[in-house]
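Working notes, beginning with the structure itself.
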Amino acid sequence: MRFSYKAYFLLSIACFSIFLCSIKASHAFFDSGKDRASAEIMLDDQVYTRGDLIAAFLNSAFSNRFWNDDVVNKDGSSLFGAMVGYYMKGENGTYETEKKYRPWIADHIHRPNGWPKSGVVNKWPQSKISVAFGWPAYSQGQNFSSISPYNKKEGDKLYSSIEKSVRKTIPQLSGGGAPSLTFMPMGDVDDATENYARIRIVPTNSLKARYVNNPGVDSYQVELQERGLWGGVMIDASDPLMEAYILPDHNNNIDLVVCKINLSATEGDVDRLVPKCLMSALGLPELSKVQSPDSVGYATAYQKYLLKLLYCPAIKSGMDKADVFQVLADSGRCW
């Protein structure tokens, strides 16, 4: 088939026009991306760009610090690998035994379904989470009264201030897609069943000590079992009065959160620590790196916005930073 010079000329013009259009479209797409990143959002009377919030979210939702990876021998060598092998082999009681007497802790000691991934998003799969004082009382082999969930003699003095602070913080965290929180009073019968509270605030005098017995008189020394918990994500460890960690399941869904508060904490300390615990427990373990809760204890609009981003349906448990960045860079998915 032959083309005339005129046909070639017209075809060239058409191709050149398409080329120019593609360049303009590329620039428009690039510029729209810049516009999306620079879009301004007012929170707590401060202006943030989407780029600011994406950076803050990536800094607060991801952590590479893990519970028990700092356990060392007297000579400073790590015990982490040795202890993992010890418990995974079931040499400290079989999985079946642990599951019977300590069903809430067994999977995090033996990891029968495999390990969670590290350095990824961890979210709650359920829409409602309970918060309780002390360790769970759930056991299929012991009755409720035989298990002391905390050092009662010293811990009772903290109970009222912790309950008060939890009840004050919970309404501030409602909405935005994050799970709703409720307080489970001490002695609630549900805490001795599979419906036990999954966020635990535990008074203790043994922060950062994994090998000491709970100073209570109970026969079930929970804190002694902490040395066998693996795969947990540390919540910001900078506060000397609190040690906290998230325990995800093998799918990186959050299964249990423990916030241990030193018995020496004052009511003012509790008002500062409880909001930090609860907001981090929802899946932002490094939240204090970007903005800490106010000293009098309340959730800011900025922090709630980061929780809103976390519980955007497009962000899934197990996603890494690159996955999450791609989602948040799309203006139509989470904003």
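The values are calculated or read from the model by the stated rules, or taken from the named source; none is laboratory data. Only a predicted model underlies this, so the values are computations on that prediction, with no experimental measurement involved. Ideal geometry is used to build each Cβ from the backbone, glycine not excepted, and the neighbour counts take in all protein chains shown. Quick note on the areas: whole protein, heavy atoms, side chains included, nothing else; ligands and nucleic acids left out. Shrake-Rupley method; radii C 1.70, N 1.55, O 1.52, S 1.80 Å.
Structural remarks
- Cα-projected label distance for A55 with D156, points at 7 Å along beta-carbon direction, nm: 5.2
- Region 227-271 - accessible surface per residue (Å², probe 1.4 Å): 25
- Accessible-area value, K99, 1.4 Å probe, nucleic acids and ligands omitted, Å²: 70
- The figure for F66 is an accessible area of roughly 60 square angstrom, using a 1.4 Å probe on the protein chains alone.
- Computed E for E40/Y95 - FRET, C-beta separation, R0 51 angstrom, nearest 0.05: 0.45
- Using the Cβ-Cβ distance between D190 and R167 with R0 = 25 Å, the FRET efficiency computed as 1/(1 + (r/R0)^6) comes to roughly 0.90.
- Probe 1.4 Å, all protein chains present, accessible-area order of H110, H250, largest first: H250, H110
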